[in-house]
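The values are calculated or read from the model by the stated rules, or taken from the named source; none is laboratory data. None of these values were measured; they are calculated from a predicted model. Quick reminder, even Gly has a Cβ in these numbers, built from the backbone with ideal geometry, and neighbours come from all protein chains shown.
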Amino acid sequence: MGPNVGNPITSRTSPHRKYVAPERPEPTRPSRWLERLYADEPANCRRALVPFLRNLLYFGLIFAVCRRYQTEGRAFQVLLQVAGLAFPIHYLAPYRWKQGVFIAASVAGLFLVFGTGVGAVVVGLSAVLIGVGRMPVSWNLRVGILAGLTLFLACGKPAALFELAPPTVWPVLGSMFMFRMLVYMYELKHARKPESLIDAVGYFFLLPNYCFMLFPVVDYRTWQRGYFAAEVHDVQRRGLEMTFRGVVQLILYRIIDQELLFPSSQVNGPGSLLAFLVFNYLVYLQVSGQFHVACGMLHMFGYQLPDTHHNYLLASGFTDYWRRINIYWKDFMVRLVFNPVVFRLKRWPQPAAIAAATVVVFFVTWLTHGYQSFWLRGTWGFSAPDAVFWGVLGCLVMVNVQLDARRGPARPRPKPRADEPAPGIDYRGLTIRGAKILATFATITLLWSLWNSPSLAAWLDLMARGLQAS
C-alpha cells in the first residue's frame with residue numbers, strides 16, 4: 001500500500017541503453033466513429049466495434065436459451081426484449097444521455113409488463129415519494145412525511161381507500177421503494193453534496209425490477225460509484241457472465257421444483273426426509289438466480305455491481321453462510337443496523353456490543369421480512385416457524401461471531417522459499433473443512449424446512465415421520 005515510488009537507482013536508464021535511439025511509436029490510425037469518445041466523456045466509455053458485437057452476440061445466446069426454455073414467464077421475456085433493444089442505443093448514445101436512455105427503457109418496461117393503468121399510478125406515486133425525499137426542508141421532517149405516507153398507503157391498501165388503483169400497483173411500488181428508500185434517505189443524510197435528480201430516478205426505476213418483485217437491495221452509493229467505473233466492455237462481459245449463471249440456476253430450479261421436489265406429506269422415512277430437506281432448500285436457486293440475472297442486466301448499462309451470492313452452498317460456518325448468501329441484504333443490515341448499534345454501544349466491552357448488535361440485526365431482519373411480505377403478498381407473514389428460524393439462525397451466527405473474534409484473524413501460510421519443495425496437500429485441513437461444510441449445510445436445510453412449514457406442529461410431524469424406521 002502507499003504511493004508507488006520507484007527506486008531512484010534501479011529506475012535510472014542503464015548505461016548501455018543511454019545512447020540507444022528511442023523506439024518510435026506506431027502511427028495512430030484515425031479514430032472511427034465507434035472508437036472515438038464524445039467531448040467530456042470518461043475513457044471507460046470508449047466505443048469499439050468488435051468487443052461490443054461479441055457482447056451483443058453473448059446476450060443473443062442468453063436470450064435464445066431463455067426463449068427456448070421459457071424462463072421465468074412473460075414479464076421476464078418482455079424485459080429481455082426491452083434490454084436487447086436498449087442495449088445498443090445506450091451503448092452508442094453520448095455519455096450525458098446514457099442515464100436518460102436507461103430510465104426511458106425502465107419506464108417502457110414498466111408499462112409493457114403491467115399496462116398503462118398500473119404504470120401511470122406507479123410513476124405518479126414514485127414522483128411523490130422521490131419529491132418528498134428531496135424537499136428543501138430538514139431531513140427529519142422529510143423522513144416523518146415519508147413515514148406518514150407509507151402508513152397511509154399501507155392502511156389504504158387493505159382498506160380499499162384507493163378503489164381506482166389496480167391491486168398490482170402495491171407490490172410493484174413496494175418492491176421499488178420499501179428498502180431502497182431507506183438506503184437513499186440514509187445517503188442523503190450523510191451526503192457531502194446534493195444528489196442529482198437523474199441519479200435518484202435511475203436508482204428507483206431499475207429495469208429488471210419489473211419482472212422480479214423480490215429484488216436485491218442495491219446500495220445507492222455502490223450503484224452510483226460503479227457507473228462506468230471500469231472499461232465498459234469488461235463491465236458488460238462480467239454482467240453477461242453473471243446473467244448466464246443466473247439463467248443456469250433458474251433452469252436448475254425448474255428441474256428441482258418440477259421433477260425432484262415432492263410434497264412433505266410423502267415423507268415416510270429417513271431417505272425421503274433427506275431428499276425432501278435437500279430439494280426443499282435448493283429451491284432457493286430461484287432467488288439467487290433472479291438476483292444474478294437482475295444485477296447482470298444492470299451491468300449491460302454500465303453499472304458495475306458486486307456479486308449477490310458467493311458459493312453459499314459451500315459455507316463452512318454460520319458467519320460464513322451469512323456473508324455468502326444474499327450479500328446485498330447483509331451489507332444493508334450491517335450499514336443501517338449493525339454499525340450504528342455498535343457505535344452507540346462503544347462504551348461496552350466489544351464482545352457484548354457485537355453480540356447485542358447481532359441480536360438487533362436478526363430481530364430487524366425478521367421484522368423487515370414481514371414488512372416485505374405485506375407489500376409483495378398482502379399478508380404480514382409473521383408465524384411461529386418464521387420467528388424460530390430467525391431466532392435460531394441469529395443465535396448460531398452470534399455464537400460463531402464470538403468464537404471467530406476470540407480466535408482472531410487467520411494467519412496466512414508463509415510462502416515457501418525458492419529452494420524449498422512445494423508443500424503437499426493438507427488432507428487434514430480439507431477433511432475438517434469438508435466436515436464443517438456438511439454440518440453447516442445440514443443445519444441450514446433443517447432450519448429451512450422449519451421456515452417453510454405452516455406451523456411448528458406440522459414441522460414436528462414431518463420430523464417424526466421422517467425419523468421413523470421404514
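When you check residue 154 against the structure, is it in contact with a helix residue (DSSP H, G or I) (Cβ under 6 Å, 6 or more places away or on another chain) and on the phi < 0 side of the Ramachandran plot, yes or no? Explain how you work it out, then say what you get.
Numbers: in contact with a helix residue (DSSP H, G or I) (Cβ under 6 Å, 6 or more places away or on another chain): no; on the phi < 0 side of the Ramachandran plot: yes.
In short, no.
Any idea how many residues of region 109-127 are closer than 16 Å to residue 197 by Cα and more than 26 Å from the chain's Cα centre (by Cα)?
Counting residues in region 109-127 that are closer than 16 Å to residue 197 by Cα and more than 26 Å from the chain's Cα centre (by Cα) gives 1.
Taking only pairs six or more apart or across chains, which ones have beta-carbon atoms under 8 Å, a first residue in region 419-438 that is part of a helix (DSSP H, G or I) and surrounded by 11 or more Cβ atoms within 10 Å (Cβ to Cβ), and a second residue that is among the hydrophobic types (A, V, I, L, M, F, W, C) and at pLDDT 85 or above?
Correct list of pairs: 437/314; 437/315.
Check off (1) in contact with a Lys or Arg (Cβ under 7 Å, 6 or more places away or on another chain); (2) modelled with pLDDT of 95 or more for residue 170 and give me the number that stays unchecked.
That leaves (2) as the condition not met.
Restricting attention to region 371-397, report how many residues are under 23 Å from the mean Cα position of the chain (by Cα) and either within 19 Å of residue 331 (Cα to Cα) or of a type in the set (S, T, N, Q) (or both).
The total comes to 7.
Answer yes or no: is there a residue in region 350-371 that is touching a Phe, Trp or Tyr at 6+ places or on another chain (Cβ under 6 Å), of a type in the set (Gly, Ala, Ser), surrounded by 15 or more Cβ atoms within 10 Å (Cβ to Cβ) and over 28 Å from residue 172 (Cβ atoms).
Taking every residue of region 350-371 in turn, at least one turns out to be touching a Phe, Trp or Tyr at 6+ places or on another chain (Cβ under 6 Å), of a type in the set (Gly, Ala, Ser), surrounded by 15 or more Cβ atoms within 10 Å (Cβ to Cβ) and over 28 Å from residue 172 (Cβ atoms).
Which ones in region 248-278 are within 30 Å of residue 208 (Cβ to Cβ) and either surrounded by fewer than 17 Cβ atoms within 10 Å (Cβ to Cβ) or out of contact with any Gly (no Cβ under 7 Å at 6 or more places or on another chain) (or both)? Give the steps one after another, and end with the answer.
Here is the first cut: in region 248-278, the residues within 30 Å of residue 208 (Cβ to Cβ) are 248-261, 278.
Matches in region 248-278: 248, 251, 252, 254, 255, 256, 257, 258, 259, 260, 261, 278.
Going through 137, 201, 143, 183 one at a time, which residue ends up being within 25 Å of residue 78 (Cα to Cα) and of a type in the set (Val, Ile, Thr)? Before you say what the answer is, go through the steps one by one.
Values: 137 fails: within 25 Å of residue 78 (Cα to Cα); 143 fails: within 25 Å of residue 78 (Cα to Cα); 183 fails: within 25 Å of residue 78 (Cα to Cα).
Matching residue, one of 137, 201, 143, 183: 201.
Looking at region 325-345, which of the residues that are part of a loop (DSSP other than H, G, I, E, B) and in contact with a helix residue (DSSP H, G or I) (Cβ under 7 Å, 6 or more places away or on another chain) is farthest from residue 183 (Cα to Cα)?
The residue in question is 345.
Could you please find all residues in region 76-103 being surrounded by fewer than 16 Cβ atoms within 10 Å (Cβ to Cβ), among the small types (Gly, Ala, Ser) and under 23 Å from the mean Cα position of the chain (by Cα)?
84
Only one of (1) more than 20 Å from residue 328 (Cα to Cα); (2) of a type outside the set (A, V, I, L, M, F, W, C); (3) part of a helix (DSSP H, G or I) is not met by residue 239, so which one is it?
Single failed check for residue 239: (1).
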